[in-house]
Amino acid sequence: MAEDLLPRIAHVNRTMFLGWALVALGLLSICSPFVAGEAAVYLIGLFLLAAGLGLLLESFQTECVSGRLLLLVLGVITSVSAIFVFVHPLLGLGLLTFILVAYFVADGLWKVIAAFRNMSAPGWLWLLASGALSLLLALLIWRDWPVSGLYAVGVLVGVNLLSTGIALVAFAKSLKDTFRNALTSLQSTKA
């Protein structure tokens, strides 16, 4: 039985490391919100450009005419969208802020549902609090949109990363303590 707990403890250690990494990224994003927001826009632009070019290349390799046309149109639209993001990053930041609202709503709902499904697990309240914070952030961004686009992406992504990181660290710590207590209990019953 003790052997079954060791891989779980290793998994909890990885979860704790991820939590601390998210805390660090969140703090960096909060400290420089415009830089973080602009970086996010350019990163999305790069992803769009890569996807657009990939679709264009695939369109030339497809033998079906209707499939080729569909991939070609999709590749052009995706590539033009990427160029638009690079040419007008502030408009891209406004659109990203709008998309961020949808993300925070989905993220918050997922965390709240996951917290209620895992009420028996130690630390579930941290996940619930993180979900409630995500929903609150979505409301705050939406209320001030489109002006919030200049700062919201960096600050709010940072706050979300920070709260998610804290929740993961707290959850992992409580699980680690539970596993250690179970392991100690198992070892004392063997002796």
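The values are calculated or read from the model by the stated rules, or taken from the named source; none is laboratory data. Computed from a predicted structure; not experimentally measured. Note: ideal-geometry Cβ built from the backbone for every residue, glycine included; neighbour counts use all protein chains shown.
Specify the residue that is farthest from ALA82 (Cα to Cα); the eligible residues are those in the stretch 56-67 that are surrounded by 11 or more Cβ atoms within 10 Å (Cβ to Cβ) and at pLDDT 75 or above.
Going through the qualifying residues, I end up with THR62.
Restricting the stretch 68-80 to residues that are of a type outside the set (A, V, I, L, M) and crowded, with 18+ Cβ neighbours inside 10 Å, which is farthest from the chain's Cα centre (by Cα)?
GLY75
Here is a list: GLU38, GLU63. Which entry is acidic (Asp, Glu), over 30 Å from THR178 (Cα atoms) and either assigned to a helix (DSSP H, G or I) or in contact (Cβ under 8 Å) with a residue 40 or more places away in the chain (or both)?
GLU38
Which members of the stretch 99-147 meet the condition of being surrounded by fewer than 21 Cβ atoms within 10 Å (Cβ to Cβ) and of a type in the set (Ser, Thr, Tyr)?
TYR103, SER120
Quick one: would you say ASN160 is surrounded by 21 or more Cβ atoms within 10 Å (Cβ to Cβ), polar (S, T, N, Q) and closer than 25 Å to LEU18 by Cα?
Spelling it out, ASN160 is indeed surrounded by 21 or more Cβ atoms within 10 Å (Cβ to Cβ), polar (S, T, N, Q) and closer than 25 Å to LEU18 by Cα.
Hey, ASN118 hits all of (1) touching a residue at least 24 places away in the same chain (Cβ under 8 Å); (2) more than 19 Å from GLU38 (Cα to Cα) but one; which does it fall short on?
Tallying (1) touching a residue at least 24 places away in the same chain (Cβ under 8 Å); (2) more than 19 Å from GLU38 (Cα to Cα), ASN118 fails exactly one: (1).
Within the stretch 113-129, which residues are at pLDDT 90 or above and either hydroxyl-bearing (Ser, Thr, Tyr) or within 17 Å of LEU162 (Cα to Cα) (or both)?
LEU128, ALA129
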